[in-house]
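Remarks on the structure that follows.
The values are calculated or read from the model by the stated rules, or taken from the named source; none is laboratory data. Values in this document were obtained by computation on a predicted structure and should not be read as measured data. Glycine also receives a Cβ, built like all others from the backbone with ideal geometry; neighbour counts cover every protein chain displayed.
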Amino acid sequence: MEVLVSRFLRLTAPLQADTTRMRRQLTTPYLQGIVMPKVDSARDVQIVDQFIEKYGLDETKRSVRIIASIESPMALLNLREVNTAFVSESRRCKLINLIFVSLADRNELA
C-alpha cells in the first residue's frame, strides 16, 4: 500500500493555533516547504523561521522552502520588509514564491 505524504505544509492563521501540527510535520524527512497565509510583516516570517530552526530535522531544515501569501493592504505596504526577511544572512529557508490575494475576491471592499 502506497502512502502519499504532503511535501508542503499549509499553515493556518494565526500561527499559534497550528504549532502542534507544524511541529509534527517538521519532523518528517519529506517536508519540502511551508505555505504561509496572511503574511503581514517580516516578523511573521521570522517566527516561522525560528520554529523551523528549533523543531526541524537537521537534514531538511536548511532546505525548507517558503511560499508567502500577501493578503492585506498592510502586507502590500510591508512587502519590501517581508522580502528582506527572506534574504537576510541569518535566513535558513528560501522564499520561492509570493501569492497575492485580491481583496475584491474576498468581498472586503464592499
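For segment 1-48, what are the residues that are farther than 20 Å from R62 by Cα, modelled with pLDDT of 80 or more and polar (S, T, N, Q)?
As a first pass, look at segment 1-48 and keep what is farther than 20 Å from R62 by Cα: 1-4, 12-18, 20, 37-41.
Checking which are modelled with pLDDT of 80 or more leaves us with 37-41.
Passing the criteria: only S41.
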> For segment 44-83, what are the residues that are in contact with an Asp or Glu (Cβ under 8 Å, 6 or more places away or on another chain) and hydroxyl-bearing (S, T, Y)?
Replying inline: S72
>> Out of everything in segment 72-89 that is modelled with pLDDT of 80 or more, touching a helix residue (DSSP H, G or I) at 6+ places or on another chain (Cβ under 8 Å) and of a type outside the set (V, I, T), what residue ends up being surrounded by the fewest Cβ atoms within 10 Å (Cβ to Cβ)?
In response: E81
> Can you tell me which residues in segment 26-54 are buried (at least 18 other Cβ atoms within 10 Å of the Cβ) and more than 13 Å from the chain's Cα centre (by Cα)?
Replying inline: none
